Each structure stands twice: as C-alpha cells, then as structure tokens.
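Working notes, beginning with the structure itself.
The values are calculated or read from the model by the stated rules, or taken from the named source; none is laboratory data. Predicted model only: the values in this text are computed from it and were never measured. So basically every Cβ, Gly included, is an ideal-geometry build from the backbone, and we count neighbours across all protein chains shown. Calculation scope for accessible area: heavy atoms of the full protein, side chains included, ligands and nucleic acids excluded. Shrake-Rupley method; radii C 1.70, N 1.55, O 1.52, S 1.80 Å.
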Amino acid sequence: MSSTKRLLATRIKRFVVLSFGAAGIAVTILACPLGGPAQPGNTTPPNQQPIWETYGTSGNGSGQFSGPCAIALDSGGRIYISDISNSRIVRVDDMNGKNWVTYGSNGTNSTVAGTFNGPKGIAFDSLGRIYVTDQYNSCIICMDDMTGKNWRTYGPTGQFSTPAGVAIDSLQRIYIADYNKNFIARMDDMNGTNLITNTYAYGTFGTSPMALAFDSSARIFWTDFANSLVFRMDDITGKNLTYAGGQLFGPSGIALDSNGRIYIADEMNNRVVRMNDITGTGFTSYGSAGSSAGQFSLPQGIAVDSKGYVYVADYYNNRIVCFTFPQ
C-alpha cells in the first residue's frame with residue numbers, strides 16, 4: 001500500500017464519535033456539539049469570496065506534490081511543505097513556486113541524512129533550524145537547512161509510534177504530538193534531555209493529538225483528530241486543560257494569528273475554521289469539498305502569516321493554497 005493510502009486509511013480508521021465524559025486529567029467543556037459533517041449555516045456567505053491562490057499539481061517533479069500534509073513559514077516568510085508520499089520537504093519563496101527546493105528521499109534508516117518515511121509536522125527554532133516528524137520511522141529529525149546539514153534524529157525504539165505534530169517553544173524546547181500513542185512529549189534538545197510524556201484522556205478513549213501551536217502566553221493548543229476537538233492547556237502537565245468542539249470533524253492542522261485567533265484545518269469537513277478563542281466565539285468557516293476556488297480535499301496543514309494570509313496543505317488536491325477570510 002502506498003504511503004498516501006496508508007495515511008488516509010489510518011486516519012479514517014481512527015475516527016470515532018464519543019459521548020461526553022472524562023477520565024484522568026479533568027477538563028472543562030467550553031463548546032458545543034462534538035464533531036460531525038458541517039451543518040447548514042457554518043459555510044461562508046455567498047458573494048464574499050476571499051483572496052485565493054493555489055500552487056502545485058500531482059506528481060514528483062518541480063511544482064508537484066503527492067500528499068502535502070503540513071505547511072510552515074520561516075522567519076523570512078518562505079513556505080515549507082511536507083510532501084509525504086514523495087518522502088521529501090519542499091521549500092518555495094512564494095505562491096508562484098519561486099526558488100523551488102526539495103530535500104529528502106524514501107528510506108527506513110533515519111540515521112542516514114535525507115531519509116524520510118512519512119514526513120509530517122514542520123517547525124523552526126530561533127536559529128532557523130528545521131524540525132520534522134517522521135511518522136513511519138517513528139522519530140523526530142532536526143537539520144540546519146535544506147541541505148540536511150547537521151542532520152540528527154531522536155526516536156529510541158518504542159519511544160514514539162506515529163509522531164505527527166511538532167512545535168518549539170520560546171525556551172527552544174521541542175514538543176511532539178504522537179497520535180497513536182495518544183501523548184504529547186516535551187524534551188529540551190535532540191538528545192531527549194528531560195523528556196516528559198503526558199496523555200490526556202477524553203471519555204473512555206485516549207485523545208489523538210495531531211498538531212500543536214502556542215499562543216503569545218505560551219499556552220499549548222492542539223488538535224484531537226479522533227475526538228474532533230481542539231484543546232488548550234497552560235503547560236505539558238495539562239494545567240487548566242479546556243477544549244472546544246464547535247462541529248469539527250477530524251481537525252488536523254492548527255495555527256494562531258497575531259490576535260490570538262485560532263485557525264483549524266477541519267480535514268473531514270473539507271474546510272478551514274477560525275475562532276476568536278477556545279470558547280468558540282466568532283466561529284466562522286471557509287471551504288467545501290472539491291478542487292475549484294474555495295474548495296479543499298482533506299486539508300491537513302495550516303499556517304498564518306503576519307498579514308493574516310492563511311496557508312493550507314490541500315492533501316488530496318496535491319497543492320498548497322493561500323487565502324484570506326471574507327471580512
């Protein structure tokens with residue numbers, strides 16, 4: 001089975017709808033209905049089309065993707081994409097594909113520089129180093145740049161199962177969301193120093209952390225794909241853990257803008273959701289299923305730049321999208 005099909009099968013198989021309840025860490029319910037297909041009234045009003053740009057086609061050449069699943073922006077505004085079924089990371093300067101650069105090829109020995117087997121989350125530290133989660137090699141990778149300089153990995157046997165999201169905090173600590181082991185890990189460096197892992201239960205099932213982000217107060221936000229929830233907590237211990245549903249259905253990527261608004265790639269609803277805060281106020285969405293303007297096919301990764309432009313890894317359409325929400 002191809003890695004594209006394997007990823008989709010895994011994600012659909014893991015989706016469940018649960019009843020309310022809690023076990024383990026106590027949580028506070030701040031939002032209404034749990035996940036499910038988008039309901040009438042949650043779509044963008046007609047005649048309010050946002051700015052819409054796309055880049056990419058299906059394939060393995062220049063300007064092509066095969067399952068783009070994560071997207072991130074570096075401090076210079078360059079766009080990085082995890083091209084999962086091509087086992088590589090792509091970097092472009094803009095939505096025209098200027099200065100297209102790729103790095104990586106398929107392999108199962110992650111100690112060999114440039115070897116990926118399911119690259120997923122992307123993040124950067126304050127020095128611009130690139131961190132990538134490798135789902136099927138069950139490790140996290142750090143490299144200085146797109147040449148693979150100073151390639152190093154961390155993932156002792158059994159430590160991770162399917163690491164998906166990655167984020168770096170202001171102290172340069174590394175956070176990893178493992179959606180099959182149902183935990184979020186934090187470590188000080190690529191040696192695993194002071195490694196902490198914590199699980200956060202919902203109902204009778206563990207949560208399924210998919211992507212991570214921080215707000216300006218260093219609080220941790222993460223998507224729970226299986227339970228169709230978005231969580232916020234003060235720290236890795238789960239302090240003040242709260243969550244929102246808001247009719248999400250398999251939320252994948254998450255990002256916050258400079259105003260603290262939350263953006264979610266609502267994957268199974270084929271749309272992007274924006275909320276003012278974790279209570280779900282200001283809930284709005286944009287997108288529907290398809291490949292035309294204003295449409296997505298399993299959007300997974302998401303990022304927001306300083307101007308409010310939203311970037312999306314549009315997985316099954318094999319492209320990246322940049323748009324703005326209607327005002």
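With a simple spin-label model that places each label point 7 Å from the Cα along the Cα-to-Cβ direction, the separation between ASP305 and SER292 comes to 2.7 nm.
Measuring between their Cα centroids, segment 51-95 and segment 105-128 lie 15 Å from each other.
Couplings for segment 51-67, taken from phi via the Karplus curve 6.51 cos²θ - 1.76 cosθ + 1.60 with θ = phi - 60°, read 4, 9, 10, 10, 8, x, 9, 7, x, 10, x, 5, x, 10, 9, 9, x Hz in order; Gly and Pro are left as x. Can you tell me which aspartates and glutamates have their Cα less than 16 Å from the Cα of LYS181? Leave out same-chain residues fewer than eight positions away. Of all the aspartates and glutamates, those that pass the test against LYS181 - Cα under 16 Å, at least 8 places apart if same chain - are ASP134, ASP224. Measure off, as a whole percent, the carbon and sulfur share of the 1.4 Å-probe accessible area of segment 269-327, all protein chains present. Its accessible area is 43 percent carbon and sulfur atoms. If you plug the beta carbon distance of TRP52 and SER216 into 1/(1 + (r/R0)^6) with R0 = 45 Å, you get a FRET efficiency near 0.95. Charged side chains reduced to their Cβ positions (Lys and Arg at +1, Asp and Glu at -1) give segment 261-327 a dipole of some 140 debye around its Cα centre.
Students sometimes get this wrong: rank TYR136, TYR316 by accessible area, probe 1.4 Å, all chains present, largest first.
On the way: TYR136 55, TYR316 100 Å².
Sorted descending by solvent-accessible area, the residues read TYR316, TYR136.
Excluding residues on the same chain fewer than 8 positions from LYS307, give the aspartates and glutamates whose Cα lies under 17 Å from its Cα. By straight Cα distance, LYS307 reaches GLU53, ASP74, ASP93, ASP94, ASP215, ASP257.
Using a probe of 1.4 angstrom and keeping all protein chains present, the accessible surface of segment 106-210 works out to 37 square angstrom per residue. Measuring between their Cα centroids, segment 244-260 and segment 295-327 lie 13 Å from each other.
Accessible surface of SER288, taken over heavy atoms with a 1.4 Å probe and every protein chain present, rounds to 50 Å². Using the average count of surrounding beta-carbon atoms within 10 Å as a protection proxy, the listed peptides 232-244, 187-199, 292-304 rank, highest first, as 292-304, 232-244, 187-199.
Segment LEU127..LEU195, full-extension length gain: 22.3 nm, with 0.36 nm per residue of separation and the alpha-carbon distance subtracted.
Each residue of segment 288-302 is assigned a 3J(HN,Hα), and the resulting list reads 8, 6, x, 10, 8, 4, x, 10, 9, 10, 6, x, 10, x, 8 Hz, derived from the Karplus form 6.51 cos²θ - 1.76 cosθ + 1.60 (θ = phi - 60°), x at Gly and Pro.
Of GLU267, GLU53, the order by accessible heavy-atom surface (1.4 Å probe, DNA, RNA and ligands excluded), from most exposed downward, is GLU53, GLU267. Taking all protein chains as shown and a probe of 1.4 angstrom, LYS181 keeps an accessible surface of around 80 Å². What the phi angles of segment 163-180 give under the Karplus curve with 6.51, -1.76 and 1.60, with θ = phi - 60°, is a coupling list of x, 10, x, 9, 8, 10, 8, 5, 8, 6, 7, 9, 10, 9, 9, 10, 7, 8 Hz, glycine and proline written as x.
Each label was represented as a point 7 Å from its Cα along the Cα-to-Cβ direction; for VAL101 and LYS149 these points are 0.9 nm apart.
Of the listed residues SER170, SER85, SER285, SER75, the order by accessible area with a 1.4 Å probe, largest first, is SER75, SER170, SER85, SER285.
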